[in-house]
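Take a look at the structure set out below.
Bear in mind these aren't lab numbers, they're just calculated from the coordinates by the rules spelled out. For clarity, every value in this text was computed on a predicted model and none was experimentally measured. FYI the Cβ positions are ideal-geometry reconstructions off the backbone, even for glycines, and counts take in every protein chain you see.
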Amino acid sequence: MKTSGNTILMTGGGSGIGEALAHRFHDRGDTVIIAGRRQEALDRAAAGRERIHTVTLDVEDAAAVDAFARQVVADFPALNVLFNNAGIMKFEDLTGRRDLSDAEATLAINVLGPIRLTNALIDHLASQPDAAIVNVTSGLAYVPLVAAPTYSATKAAIHSYTVSLRTQLEGKVEIIELAPPGVQTDLTPGQANRPGYMPLEAFADAVAAQFAEQPTPKEILVDEVQFLRQAEREGRFDETLKTLTKRAAEQRAAGDA
């Protein structure tokens, strides 16, 4: 991925990781189109930055994704990078029958959303020089957080999808996976101030530094996520699962106290 001069579409760009990275890319010389459901959040994220543009998008709506893709290509024909970042995370109790609306929404946004948007834009991207797709997964793709089972499963699915996408598009579109650790954002209630999670600005700085490398790593992994990413490879998956489950419960309890 070029280190400046890109035209980047960032979903989930109105807050959290998407907003922070949109600012980093803007400041290094890229044009960034941030997309999300709430125009007021997008406007706030774009304020004072002339090369950040805003477009509303609900990635749950398949018809809206197709219409959005056609419009964004018409408005920004130099678009060469898709950053699939939009996502939601819900805590779920699997021990009894329950309403599956949260699980279904998580699947629609976190899995179908990136697949649909990639599909809608792939012909355009494949025709562009220096094209790239960045899929945001999670350390939880490698070791699940049992309190958020559907979220963890969606990130594992997108990791697998990214591997296939990279192989099929080799030589045509660069495919990059960004797998964050727990970051202090509003992804879940109380997470923005939760002890033990990586501060957002520190995370964004570390990620921006890796995107400045040439060639761009195919996996963008900050040091804090390696505990999860390497768990199975290092033969400590079961131990890491137990540690993660206990630590996450303690962190949520401390943050909610």
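Tabulated data for the structure shown
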{"item": "Chain lengthening between K172 and E104 when straightened (0.36 nm per residue, less Cα-Cα)", "result": "21.2 nm"}
{"item": "Dipole moment magnitude, nearest 20 debye, segment 10-58 about Cα centre, only Lys, Arg, Asp, Glu C-beta charged", "result": "80 debye"}
{"item": "Pairwise Cα inverse-distance average, inverted: Kirkwood Rh of segment 128-206 (Å)", "result": "13.9 Å"}
{"item": "The chain: DSSP helices with Cα axial extent of at least 18 Å and average Kyte-Doolittle hydropathy no lower than 0.0", "result": "62-75, 113-126"}
{"item": "Scattering curve values for segment 1-99, log₁₀ I(q)/I(0), Debye with Cα scatterers, q = 0.14, 0.17, 0.18, 0.24 Å⁻¹", "result": "-0.53, -0.72, -0.79, -1.29"}
{"item": "Percentage, to the nearest whole number, of Cα pairs in the chain over 25 Å apart", "result": "42 percent"}
{"item": "Efficiency of FRET from Cβ geometry, Q214 and A74, R₀ 41 Å, rounded to 0.05", "result": "0.85"}
{"item": "Relative contact order computed over segment 1-93 (Cα-Cα under 8 Å; 6+ residues apart), in percent", "result": "34 percent"}
{"item": "Exposure proxy order (Cβ contacts within 10 Å, fewest to most) of D205, D93", "result": "D93, D205"}
{"item": "Cβ crowding within 10 Å averaged over residues, with 233-244, 193-204 ranked highest first", "result": "193-204, 233-244"}
{"item": "Nearby lysines by direct alpha-carbon distance to K90 (threshold 25 angstrom, same-chain neighbours under 8 apart not counted)", "result": "K155, K242, K246"}
{"item": "Base-10 log of normalised Debye intensity for segment 168-256 (one unit scatterer per alpha-carbon) at q = 0.17 Å⁻¹", "result": "-0.85"}
{"item": "Cα radius of gyration and Dmax for segment 46-131 (Å)", "result": "16.1, 51"}
